[in-house]
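The values are calculated or read from the model by the stated rules, or taken from the named source; none is laboratory data. Predicted, not measured: the structure shown is a model, and the values here were computed from it. With ideal geometry, Cβ positions are generated from the backbone for all residues, glycine too; neighbour counts draw on all protein chains shown. Surface areas here come from the heavy atoms of the whole protein model, side chains and all, with no ligands, DNA or RNA. Shrake-Rupley method; radii C 1.70, N 1.55, O 1.52, S 1.80 Å.
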Amino acid sequence: NEKKTIRSQVTPIAGGEVWSGVWVIIEYNNGRVAPVSWELLGEGRKLADSLGSELCGVITGYQVDNVIPEAFAYGAEKLYVIDHEVLKDYRTEPYAEAITSLVRKYQPEIILMGATSMGRDVFPAVATKMQTGLTADCTVLGIDPETKLLQQTRPAFGGNIMATILCRTRRPQMATVRPRVMEMPERAVGREGELIREEFTLTESDIRTKVLEFIPADAKSTFLDKAEIIVSVGLGIAAKRNLVLAEELAEVLGATLAGTRGAVEAGWLSHDQQVGQSGVTVRPKVYIAIGISGAIQHLVGMETSDFIIAINNDPEAPILKVANYGIVGDLFQIVPAMTAEFKKR
Ligand code: FAD
């Protein structure tokens, strides 16, 4: 049985410890799974196949049973589940402890999580507990054919180079991955796998943080990473009062409003509306860029959009190189004309 032979291939590491398997932490919070978790099961499948190892999912939270069949449907072969009341609201301490307890017990070779607010918070805590490295915000993953190490690629030096990082001596190899850069895998309803439920001994009195109140974020921007049409503005709009042009266009298209870091720093938009390297990665069907130059740090967050329309009065603006349609001209004339035209349809 060829598969079995390959599966026994594991990495021996200093001290004779054996670590094997590719794990994906499935982020479940407030009744919603972060879609990047499924994207990572798709990517994890490729990594596990290259290593000849197993693809496992990890679910930590409270009342998570409805997530289990979904995780199998998206490709997990095995699921480790900790379902406990202290995990009801996300807090760093209990979540880091839950994940670390599983990692210590089962010793996965690779663990992945979305570079979401939660992933960016809990994974450094887990890496610290495990005394291992962590590559944050990866955009490409692979397996080095010779060493079998995880190649963790991410933008570095302000997005000017892509750095590929290897973690040679410690385990697990840990990476967070930007949402929407990996393909969503096929969902096979009814697919089954092995379920392992683990006890969790932490109690409320062990945890130093308490959740006093839950205030949901502004609904307009919460699901930017899921938006199908995005109207995005840059410093070209010149002043906050001109935002109305983009808002009107977004309104007729049923689009979500977003922008560049320039627009956020100018105070025209909130940070959770920022697209790019230090903001959200988006992959909508249509991305309309208004008065955006197309700096590399912006492009990494939107260039995989299905269709890009850019409006800029500078024919040399880099955004026009990635756009499917580039409109060279004054946005103050073009945007109202587009809105008026779409209103007619
Ligand atoms: P500008 O670069 O000033 O571009 C404005 C554009 O508007 C120009 O191309 C101009 O030709 C056009 N324009 C002006 N007037 C008109 C008009 N009347 N009609 C049509 N077009 C017009 N940026 C991000 O967006 N997201 C990030 O996550 C991000 N992260 C960063 C992280 C780091 C570490 C660093 C160093 C930078 C980061 N940046 C990020 C900033 C980035 O480098 C750029 O500064 C920023 O994206 C520029 O924003 P902009 O396109 O709005 O402004």
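Return the subset of 46/210; 210/285; 78/321; 105/148; 321/343 for which the Cα-Cα distance in this structure is over 32 Å, preserving the input order. Check vs 32 Å cut-off fails for 46/210; 210/285; 78/321.
Protein-only accessible surface at a 1.4 angstrom probe places the residues 78, 321 in the order 321, 78, largest first. Counting charges near residue 32 (Lys, Arg +1; Asp, Glu -1) among other residues having Cβ under 13 Å from its Cβ returns a value of -2. Pairwise Cα separations in the stretch 155-229 fall into 10 Å bins from 0 onward with the following percentages, short to long: 10, 17, 31, 36, 6. Does the stretch 123-165 come out rounded, prolate or oblate, given a ≥ b ≥ c as the square roots of the eigenvalues of its C-alpha gyration tensor, rounded meaning a/c under 1.5 and, failing that, prolate meaning a/b above b/c? Judged from the Cα gyration tensor, the stretch 123-165 comes out oblate (a/c at least 1.5, b/c at or above a/b). Semi-axes of the equivalent ellipsoid for the stretch 173-268, computed as √(5λ) from the eigenvalues of its C-alpha gyration tensor and ordered from largest down, come to 38, 23, 14 Å.
The order of 197, 345 by accessible area, most exposed first and with a 1.4 Å probe, is 345, 197. The candidates 128, 201, arranged from most to least accessible area with a 1.4 Å probe in the full protein assembly, appear as 201, 128. Shape analysis of the stretch 250-310 based on the Cα gyration tensor places the equivalent ellipsoid semi-axes at 16, 14, 10 Å, largest first.
May I ask you to compute the full-extension gain from residue 316 to residue 213, defined as 0.36 nm times their residue separation minus their alpha-carbon distance, rounded to one decimal in nm?
Between residue 316 and residue 213, full extension yields 32.2 nm more.
Taking every DSSP bridge with both residues inside the chain, close to 25 percent are antiparallel.
With one equal scatterer per alpha carbon and no solvent term, the Debye-computed log10 I(q)/I(0) for the chain at 0.10, 0.11 1/Å reads -0.66, -0.78. The GNM of the chain, with springs linking C-alpha atoms under 10 angstrom apart, assigns the highest mean-square fluctuation among 306, 137, 206 to 206. Over all other residues within a Cβ to Cβ distance under 11 Å of residue 284, the charged ones net out to +1, with Lys and Arg as +1 and Asp and Glu as -1. Overall form of the stretch 80-205: prolate. Here a/c, set by the Cα gyration tensor axes a ≥ b ≥ c, is 1.5 or more, and a/b is the larger of a/b and b/c.
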